[in-house]
Amino acid sequence: MSNIVEITNLEVTFATDGGDVKAVDDVSLTLAPGEVLAIVGESGSGKSVTAKSVLGLLPETAVSRGAIVLNGKDVIGMSGKRLRELRGVDVAMVFQEPSLALNPVFTVGWQIAEGLRAHGKVSKKQARVKAIEILSKVGIPEPEKRVDYYPHQFSGGQKQRVVIAMALVLEPELIVADEPTTALDVTVQAEILDLLRRCRDEFGAAIILITHNMGIVADLSDRVAVMYEGKLVEEAPAQQLFDSAKHPYTQKLLAAVPRIGTGAARAAARVVDRAEAGGETNVEPVVVATDLEISFPGRFGKPPFRAVDRVSFSISPGEVLGLVGESGSGKTTIGRAIGGLNKVTGGSLQVLGHEMLGFKERKFRPVRGEIGFVFQDPASSFNPLLTIAECVAEPLIVHHQAKDAKDARGRVNELLEAVQLPRTFADRYPHELSGGQRQRASLARSLALGPRLLIADEPTSALDVSVQAKVLELFAELQRDLGFAALFISHDLAVVDMLSDRIAVLYKGQLVEEGVGSDVLGNPQHPYTQRLLASLPVPDPREQAGRREALRLLTAVD
């Protein structure tokens, strides 16, 4: 059969104030019917630009050369009217962030029907029936009822299913999925990957999968194209690429993927380092939670919602506790409570010797200087109107250790060097840094006051795998050198395994398993921990096929 897509010598250049920037440089690719092609690479490699070129979704500042033939039609140079006729019918897009792809003021049923109305005359009744049918096919429960729901009434994974339903409603021959699982928990991610697999098997759709996660590539793709700095550096069938990657950049990508089982040796080394440093053995923990409860008041007469239910744990000085669980499990709520950002409603939570149940802000304020916080998204936690130097200096000014950013500049330069950022970056604004650079700056800010306790809330979930590896190594190095205790919050067991001395697993607000990594990950006892482990994709198609089957059996038992 002829190819669905043939990309030949594609070049895409963006016009900027600083001159033309070539984002895609002489890329040629093909895609057969029913095939899954994964295009991988770090941010800025040109993978998303290549994929969006297929739909003609590039901005006006972009100039494209070469040829993109989709079902016999050349997309480059095609008029806007013809492109609109093409989208949805021949090719559809699944965007990275479903919250931005969905209109908050319209029901999901209306938004699915919008595609039908744009490409043909259908009655409201017919469109509603089709919307309900496609929602059912993508696994939305009670589709007859939820077709009238608004996007905010769905979870993150369900919103991604709705976006996939919108892409499938006109049964296109090609689906372009741009990082469709980046912000999702590993359990929800596994469900979305299964859904994409069904799109291929049941709908016969070919898929271009854009991702930086090599585990996802191993799980779903038939063929892999690796891009680096706008160029196609390697292309091969999936199994062949994972068995014998040839290009150094591909080898680096595969080596950067965190793997379960690598943490035991690291944890043992940390214990030895602390003993050699003369750490006291009988010291008071920096955090002690005893039957901790955190509830949020109900609205409109509804009872309170208990987010954390009788959880007990402790963190010793210099120790890293990994807290894992899916969205809604209560892990971020606990982290915020330790920092005094959520109120404790029951039990006991002692932080650096201070009881958080009924605490007074005035008394706790001096303790805040001993607690650092690394947020999940540094782009939203930084003030966009301040330079990086001003952002990093903020804790020093608030706690009266510096009069202003100028006075704190020496300390700021030291912190930037500690997180391996050039001093020249201090005068840049947050939007002028890459995601990994912003996260390093966020880490520098959290360390400004020399904290005894660091709370890291999903600090690498939105980063490329190669950037994530660098940030994790930096975190481990700083923790070893500075000796702070840390609560590392994540839904990725492999990441937590790399950094943690102990791992605690949360499920629906309850602590279901706790212990050293070799026990929790090597011999998990609770079904939820077993499901988390099976949901984590690994960069090996053969092994991943076995894990996928194990997950299917676990889910069937549930």
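The values are calculated or read from the model by the stated rules, or taken from the named source; none is laboratory data. Quick caveat, the model's predicted, so the values are computed rather than measured. Quick reminder, even Gly has a Cβ in these numbers, built from the backbone with ideal geometry, and neighbours come from all protein chains shown.
On the given criteria, is Phe373 surrounded by 15 or more Cβ atoms within 10 Å (Cβ to Cβ) and more than 15 Å from Leu449 (Cα to Cα)?
Details: surrounded by 15 or more Cβ atoms within 10 Å (Cβ to Cβ): yes; more than 15 Å from Leu449 (Cα to Cα): no.
No: the conditions fail for Phe373.
Could you tell me whether any residue of the stretch 236-248 is in contact (Cβ under 8 Å) with a residue 12 or more places away in the chain, among the small types (Gly, Ala, Ser) and buried (at least 23 other Cβ atoms within 10 Å of the Cβ)?
No; the residues of the stretch 236-248 include none that is in contact (Cβ under 8 Å) with a residue 12 or more places away in the chain, among the small types (Gly, Ala, Ser) and buried (at least 23 other Cβ atoms within 10 Å of the Cβ).
Restricting to the stretch 104-128, count the residues that are closer than 19 Å to Arg146 by Cα and exposed (fewer than 15 other Cβ atoms within 10 Å of the Cβ).
Number of matching residues: 6.
Can you tell me which residue is nearest to Ile175 (Cα to Cα) among those in the stretch 36-70 that are touching a Ser or Thr at 6+ places or on another chain (Cβ under 9 Å) and of a type in the set (D, E, K, R)?
Checking each candidate, the answer is Lys47.
Looking only at the stretch 346-370, filter to residues that are in contact with a Leu (Cβ under 8 Å, 6 or more places away or on another chain) and more than 30 Å from Ala405 (Cα to Cα); which one of those is surrounded by the most Cβ atoms within 10 Å (Cβ to Cβ)? Full working, then the answer.
Of the stretch 346-370, the ones in contact with a Leu (Cβ under 8 Å, 6 or more places away or on another chain) are 346-349, 351-352, 355-357, 367, 369-370.
From the residues that got through so far, the ones that are more than 30 Å from Ala405 (Cα to Cα) too are 346-349, 355-357.
Numbers: Gly346: 15, Gly347: 18, Ser348: 15, Leu349: 26, Glu355: 13, Met356: 23, Leu357: 15.
Only one residue tops the list, namely Leu349.
Can Gly157 be described as surrounded by 16 or more Cβ atoms within 10 Å (Cβ to Cβ), modelled with pLDDT under 90, under 26 Å from the mean Cα position of the chain (by Cα) and not assigned by TED's automatic domain parsing to the domain that holds Asp26? Please lay out each step first, then the result.
On the way: surrounded by 16 or more Cβ atoms within 10 Å (Cβ to Cβ): yes; modelled with pLDDT under 90: yes; under 26 Å from the mean Cα position of the chain (by Cα): yes; not assigned by TED's automatic domain parsing to the domain that holds Asp26: yes.
So Gly157 passes the test.
Checking Ile164 against (1) crowded, with 21+ Cβ neighbours inside 10 Å; (2) not in a helix (DSSP H, G or I): exactly one of these is not met. Which one?
All conditions are met except number (2).
Give all pairs with beta carbons closer than 7 Å in which a residue from the stretch 396-412 that is without any contact (Cβ under 8 Å) to a residue 60 or more places away in the chain meets a residue that is loosely packed, with under 13 Cβ neighbours inside 10 Å and part of a loop (DSSP other than H, G, I, E, B); count only pairs at least 6 apart in sequence or on separate chains.
Ile397/Asp404
Of the residues Thr424, Thr387, Thr345, only one is more than 29 Å from Phe313 (Cβ to Cβ) and over 26 Å from the mean Cα position of the chain (by Cα); which? Please lay out each step first, then the result.
Numbers: Thr387 fails: over 26 Å from the mean Cα position of the chain (by Cα); Thr345 fails: more than 29 Å from Phe313 (Cβ to Cβ).
Result: Thr424 is the single residue among Thr424, Thr387, Thr345 that is more than 29 Å from Phe313 (Cβ to Cβ) and over 26 Å from the mean Cα position of the chain (by Cα).
Between Ala402, Ala379, which is buried (at least 17 other Cβ atoms within 10 Å of the Cβ) and of a type in the set (A, V, I, L, M, F, W, C)?
Details: Ala379 fails: buried (at least 17 other Cβ atoms within 10 Å of the Cβ).
The unique qualifying residue is Ala402.
Taking only the stretch 286-319 into account, find how many residues are touching a residue at least 12 places away in the same chain (Cβ under 8 Å) and aromatic (Phe, Trp, Tyr).
Going through the stretch 286-319 one residue at a time, the tally reaches 1.
What number goes with the only condition from (1) without any contact (Cβ under 8 Å) to a residue 12 or more places away in the chain; (2) closer than 25 Å to Leu196 by Cα; (3) among the β-branched types (Val, Ile, Thr) that Val21 does not pass?
(2)
Taking the stretch 289-335 as the search range and keeping residues that are more than 23 Å from Pro524 (Cβ to Cβ) and of a type in the set (Asp, Glu), which one is nearest to the chain's Cα centre (by Cα)?
Within the stretch 289-335, the match that is nearest to the chain's Cα centre (by Cα) is Glu293.
Quick one: which residue in Glu361, Glu370 is at pLDDT 90 or above and not small (Gly, Ala, Ser)?
Details: Glu361 fails: at pLDDT 90 or above.
When all the criteria are applied, what remains is Glu370.
Can Leu341 be described as outside any helix (DSSP H, G or I), among the aliphatic types (A, V, I, L, M) and either touching a strand residue (DSSP E or B) at 6+ places or on another chain (Cβ under 6 Å) or not assigned by TED's automatic domain parsing to the domain that holds Ile455 (or both)? Before you say what the answer is, go through the steps one by one.
On the way: outside any helix (DSSP H, G or I): yes; among the aliphatic types (A, V, I, L, M): yes; either touching a strand residue (DSSP E or B) at 6+ places or on another chain (Cβ under 6 Å) or not assigned by TED's automatic domain parsing to the domain that holds Ile455 (or both): no.
Criteria not met by Leu341.
Looking only at the stretch 515-537, filter to residues that are surrounded by fewer than 19 Cβ atoms within 10 Å (Cβ to Cβ) and in contact (Cβ under 8 Å) with a residue 12 or more places away in the chain; which one of those is farthest from Gln240 (Cα to Cα)?
At the first step, the residues of the stretch 515-537 found to be surrounded by fewer than 19 Cβ atoms within 10 Å (Cβ to Cβ) are 515-516, 518-519, 522-523, 525-527, 530.
Filter once more, keeping what is in contact (Cβ under 8 Å) with a residue 12 or more places away in the chain: 515-516, 518, 522, 525-527, 530.
Details: Gly515: 38, Val516: 36, Ser518: 31, Gly522: 29, Gln525: 35, His526: 36, Pro527: 34, Gln530: 29 Å.
Here the residue is Gly515.
Would you mention how many residues in the stretch 82-121 are of a type in the set (Phe, Trp, Tyr), part of a loop (DSSP other than H, G, I, E, B) and at pLDDT 90 or above? Reasoning before the result, please.
Taking the stretch 82-121 first, the residues of a type in the set (Phe, Trp, Tyr) are 95, 106, 110.
Next, from what is left, pick out any that are part of a loop (DSSP other than H, G, I, E, B): 95, 106.
Keeping just the survivors that are at pLDDT 90 or above gives 106.
Total meeting the criteria: 1.
Assuming Ala67 fulfils every condition listed in (1) in a strand (DSSP E or B); (2) closer than 19 Å to Ala167 by Cα apart from one, which condition is it?
(2)
Exactly one condition in (1) surrounded by fewer than 19 Cβ atoms within 10 Å (Cβ to Cβ); (2) assigned to a loop (DSSP other than H, G, I, E, B) is not met by Pro451; state its number.
So Pro451 meets the others, but not (1).
Output the residues belonging to the stretch 182-198 that are in a helix (DSSP H, G or I) and closer than 19 Å to Gly156 by Cβ. Walk me through it before giving the result.
Kept after step one, since they are in a helix (DSSP H, G or I), are these residues of the stretch 182-198: 186-198.
Scanning the stretch 182-198 gives Val186, Thr187, Val188, Gln189, Ala190, Glu191, Ile192, Leu193, Asp194, Leu195, Leu196.
In the list Ser380, Ser442, which residue meets the criterion of being modelled with pLDDT under 85, assigned to a helix (DSSP H, G or I) and not basic (Lys, Arg)?
Values: Ser442 fails: modelled with pLDDT under 85.
Sole residue among the options that is modelled with pLDDT under 85, assigned to a helix (DSSP H, G or I) and not basic (Lys, Arg): Ser380.
Just checking, does the stretch 543-553 include any residue being surrounded by fewer than 17 Cβ atoms within 10 Å (Cβ to Cβ), closer than 30 Å to Ile294 by Cβ, acidic (Asp, Glu) and not assigned by TED's automatic domain parsing to the domain that holds Leu323? Give the derivation first.
Just the residues of the stretch 543-553 that are surrounded by fewer than 17 Cβ atoms within 10 Å (Cβ to Cβ), to begin with: 543, 545-546, 549-550, 552-553.
Okay, now just the ones that are also closer than 30 Å to Ile294 by Cβ, so none.
No, the stretch 543-553 contains no residue that is surrounded by fewer than 17 Cβ atoms within 10 Å (Cβ to Cβ), closer than 30 Å to Ile294 by Cβ, acidic (Asp, Glu) and not assigned by TED's automatic domain parsing to the domain that holds Leu323.
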